[in-house]
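Right, one structure below, let's go through it.
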């Protein structure tokens, strides 16, 4: 359990990856199952935006999913340790979030949907992981640490706040701040408006090339947070296609570094959490990396950017 080895520090919770690795991997598989349910029913959206989850005041949610003439929503409630399924006809079901195998979680949620009259088809294997155990057969991942997962959710809340403010400076096409269950990362992406070269085949385990081709069909600058890549997780930012000189551009703060194997700038979560002003430190990272991508990529910044408070003076 992480409770005895980690601590919460203000708005930026501290959580070492080694203290919740098993619970993290189990939660990852659970979010994949819920995300695939949304994928089956939500209408397509560019760059696969229809598949993501969203940070809520209690956890992670699918948001409203259309179904026949009604709708439903699935939410991980990390406060009350429940997974709630709510339907527009007033019916609902709940699952307890506790230590249980992925196979049991899969059976429970599919059973609950069936009781509610919601019929779902999915490819019952995880994506973007090297070991893709079919959900009905996965008895390996079976840990739930409520304390650690609440800390992780607190990290998502803080990252979401800063990503949202960063997004407000851009008036071109930009994604919501959303949670991609494939890699288990919170992300926000800006687009130049120009088409991008076709993404190379392969490179992402257990993910069809058609998915990456759509995700990277437009020139972009993306940032995110994921529970990996450092002692307490990490922030990242990258550009596709990567413009010449991007890797050598100065990105702040000094603790940020370019990882050539991944093709992205990274900043350890612990650097942000320990800073005198964590929000400002992360914002500096996001803005300076975006400027590198936009300047070197010759984006039309005058058209794509704006002071987020400009309408207050009209």
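Derivation of every value follows stated rules applied to the coordinates shown; laboratory data play no part. All values derive from a computational prediction rather than experimental measurement. Note that each Cβ is placed from the backbone with ideal geometry, even for glycine, and that neighbours are counted across all protein chains shown.
If you take the alpha carbon radius of gyration of the chain and divide it by 2.2 N^0.38 Å, what ratio comes out, to two decimals?
Numbers: Rg = 19.7 Å, N = 314, 2.2 N^0.38 = 19.6 Å.
Scaled against compact globular proteins, the figure is 1.01.
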* Would you mind checking the tilt of helix 278-296 against the longest principal axis of the Cα atoms of the chain, expressed as 0 to 90 degrees and rounded to 10? => 60 degrees
* Asked: For residue 161 and residue 257, FRET efficiency with R0 = 22 Å and r from the beta-carbon atoms, rounded to 0.05?
  -> 0.35
* Structure fact -> Ordered by fewest other Cβ atoms within 10 Å, a rough proxy for footprinting exposure, 78, 135 read 78, 135
* Structure fact -> Yeah, the range 216-303 with a ≥ b ≥ c from its alpha-carbon gyration tensor (a/c under 1.5 is rounded, else prolate when a/b outruns b/c, oblate otherwise) is prolate
* Going by alpha carbons, how many degrees (0 to 90, nearest 10) lie between the helix axis of 102-115 and the longest principal axis of the chain? -> 70 degrees
* Structure fact -> Relative to the chain, whose Cα atoms define the longest principal axis, helix 21-41 and its Cα axis are tilted in degrees, nearest 10, by 90 degrees
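Students often check this: by mean Cβ neighbours within 10 Å, which of 80-91, 26-37, 268-279 ranks highest, and how do the rest follow? Don't skip to the end; give the middle numbers.
Numbers: 80-91: 15.6, 26-37: 22.3, 268-279: 17.9.
So the order, starting with the most tightly packed, is 26-37, 268-279, 80-91.
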* Asked: What's the percent breakdown of Cα-Cα distances in the range 15-81 across 10 Å bins, shortest bin first?
  -> 19, 45, 27, 8, 1
* Pairwise FRET efficiency - residue 312 versus residue 183, Cβ, R0 = 51 Å, nearest 0.05 -> 0.90
* **Column: log10 I(q)/I(0), Debye, Cα scatterers of the range 120-204, q = 0.13, 0.14, 0.15 Å⁻¹** => -0.70, -0.79, -0.88
* Asked: For the modelled label position 7 Å from the Cα of residue 94 along Cα-to-Cβ, which residues of the range 144-158 have backbone nitrogen atoms closer than 18 Å?
  -> 146-147, 150
* Percent of C-alpha pairs per 10 Å bin, the range 253-314, short to long -> 18, 39, 31, 11, 1
* Structure fact -> Per the 1/(1 + (r/R0)^6) rule, R0 = 51 Å and r from the Cβ atoms of residue 69 and residue 277, FRET efficiency to 0.05 is 0.55
* Once every Cα of the range 16-137 carries one equal point scatterer and solvent is ignored, give the base-10 log of I(q)/I(0) from the Debye formula at q = 0.19 Å⁻¹, two decimals. => -1.13
* Based solely on C-alpha atoms, express the radius of gyration and the Dmax of the range 146-304 in angstrom. => 15.2, 46
* Whether the range 60-102 is rounded, prolate or oblate, judged on the alpha carbon gyration tensor where a/c under 1.5 counts as rounded -> prolate
* Counting other C-beta atoms within 10 Å, which of 304, 53 has the fewest, and how do the rest follow? -> 304, 53
* **For 290, 67, order by how many other beta-carbon atoms lie within 10 Å, fewest first** => 67, 290
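In deg cm²/dmol, rounded to 500, what helix-only [θ] at 222 nm does the chain give when every DSSP H run of at least 4 residues adds -39500 (n - 2.57) and the total is split over its residues?
Numbers: 7 runs with 93 residues, N = 314.
One gets -9500 deg cm²/dmol as the mean residue ellipticity at 222 nm.
Which whole-number value in Å³ per residue fits the convex hull of the alpha carbons of the range 172-222? Write out the running numbers ahead of the final one.
On the way: hull volume 3.9 nm³, N = 51.
Normalising the Cα hull of the range 172-222 by residue number yields 76 Å³.
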